[in-house]
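What follows is a short report on a single structure.
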Amino acid sequence: MFRTLGVGAVAAALVLIGSAAPSSAARGGDDDVPPPTGKITITVATVNGSGCRPGSAKVAVAPDNTAFTVTYSEYLAQAGKDSKPTDGRKNCQIALDVHVPQGFTYAIARADYRGYASLAAKATGLEQAGYYFQGSQQTARLSHRFAGPYDGNWQTSDETDLDARVYAPCGEQRYFNINTELRVDAKNADPALTSYMAMDSTDGSINTLYHFAWKKCPKR
């Protein structure tokens, strides 16, 4: 099953691409060895949702093949002053075409989400996410809630227990689908103020980070 980590734990656990080794929580054990460096490619197959128009999501793989990032450039939900009713909920479904070396399969051990929020007093924000392989059942969508007043960076993390990890079928090419959502509710806040919650970045400094767990496929 999924477990959510507190903000303090996430701050200590976050790993920037290419800067540090993943934490032990994101690794499956001594036999969880990633494929050789440079053998994984990930491309965006399709993007749908009010929070991510085509071309606004980018993917990068860590040099050591332990994780990958998704960076959004236009993902923001807002409510309050000068906001339309539809602005308060934004979502994104992204399908990734992941190619890994023959003989390996992968699951997601942990997902780290980051962004920025400015919530007026009595306003609330929500981030939730889930993922699944094409043709498989979606994982539980875990939610994280924020309450105003709040003004600063936010970060959350969802970790999958070792015995609950879902691995891509060996020998089959299936899209890896990620569903995320941001919500802001300001109906109880001062109507003269704008509240927002973002998961985007113009310079690539804010991204979501997905940690791989690896297995070798059975030999045929």
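Tell me, which residue of region 141-151 that is within 19 Å of the chain's Cα centre (by Cα) and either aliphatic (A, V, I, L, M) or surrounded by fewer than 13 Cβ atoms within 10 Å (Cβ to Cβ) (or both) is farthest from residue 209 (Cα to Cα)?
Within region 141-151, the first condition is being within 19 Å of the chain's Cα centre (by Cα), and the residues that meet it are 141-146.
With either aliphatic (A, V, I, L, M) or surrounded by fewer than 13 Cβ atoms within 10 Å (Cβ to Cβ) (or both) added as a condition, the list becomes 142, 145.
On the way: 142: 16, 145: 19 Å.
Looking at residues that are within 19 Å of the chain's Cα centre (by Cα) and either aliphatic (A, V, I, L, M) or surrounded by fewer than 13 Cβ atoms within 10 Å (Cβ to Cβ) (or both), I get 145.
Look at residue 15 and say whether it is in contact with a Leu (Cβ under 9 Å, 6 or more places away or on another chain), modelled with pLDDT of 85 or more and closer than 16 Å to residue 111 by Cβ. Considered against the rule, which asks whether it is in contact with a Leu (Cβ under 9 Å, 6 or more places away or on another chain), modelled with pLDDT of 85 or more and closer than 16 Å to residue 111 by Cβ, residue 15 comes out as no.
What is the residue count in region 85-121 for residues that are part of a loop (DSSP other than H, G, I, E, B) and under 23 Å from residue 175 (Cα atoms)?
The first filter runs over region 85-121 and keeps only residues part of a loop (DSSP other than H, G, I, E, B), leaving 100-103, 120-121.
Checking which are under 23 Å from residue 175 (Cα atoms) leaves us with 100-103.
The total comes to 4.
Taking region 143-214 as the region of interest, the strands (runs of 3 or more DSSP E) fully inside it that hold 3 or more residues being of a type outside the set (Phe, Trp, Tyr), out of contact with any helix residue (DSSP H, G or I) (no Cβ under 8 Å at 6 or more places or on another chain) and under 21 Å from residue 85 (Cα atoms) are 176-185, 194-198. Residues of region 64-80 that are open to solvent by 30 Å² or more (accessible area, probe 1.4 Å) and either at pLDDT below 95 or under 17 Å from residue 94 (Cα atoms) (or both): 64, 73, 74, 76.
All conditions but one from (1) modelled with pLDDT under 50; (2) closer than 30 Å to residue 122 by Cα apply to residue 22; the one that does not is (2). Given the condition of a type outside the set (Ser, Thr, Tyr) and within 26 Å of residue 136 (Cα to Cα), answer yes or no: does some residue in region 190-207 qualify? For region 190-207, residues of a type outside the set (Ser, Thr, Tyr) and within 26 Å of residue 136 (Cα to Cα): present. If you take the residues of region 166-189 that are open to solvent by less than 80 Å² (accessible area, probe 1.4 Å) and of a type in the set (D, E, K, R), which of them is nearest to residue 75 (Cα to Cα)? Result: 181. Would you be able to say whether some residue in region 142-157 is modelled with pLDDT of 90 or more, at negative phi, of a type in the set (Val, Ile, Thr) and in contact with an Asp or Glu (Cβ under 9 Å, 6 or more places away or on another chain)? Among the residues of region 142-157, at least one is modelled with pLDDT of 90 or more, at negative phi, of a type in the set (Val, Ile, Thr) and in contact with an Asp or Glu (Cβ under 9 Å, 6 or more places away or on another chain), which makes the answer yes. Checked against the criterion of being of a type in the set (Gly, Ala, Ser) and either open to solvent by 60 Å² or more (accessible area, probe 1.4 Å) or modelled with pLDDT under 90 (or both), the candidates 115, 135 yield just one match: 135.
Residues that are part of a loop (DSSP other than H, G, I, E, B) and hydrophobic (A, V, I, L, M, F, W, C) within region 37-84 comprise 40, 52, 62, listed in sequence order.
Per the conditions (1) touching a residue at least 12 places away in the same chain (Cβ under 8 Å); (2) open to solvent by 10 Å² or more (accessible area, probe 1.4 Å), the sole criterion not satisfied by residue 163 is (1).
The values are calculated or read from the model by the stated rules, or taken from the named source; none is laboratory data. All values reported here derive from a predicted model rather than from experimental measurement. For neighbour counting, all protein chains shown are included, and Cβ atoms are generated from backbone atoms with ideal geometry for every residue, glycine included. The accessibility values were calculated without ligands, DNA or RNA, using every heavy atom of the protein model including side chains. Shrake-Rupley method; radii C 1.70, N 1.55, O 1.52, S 1.80 Å.
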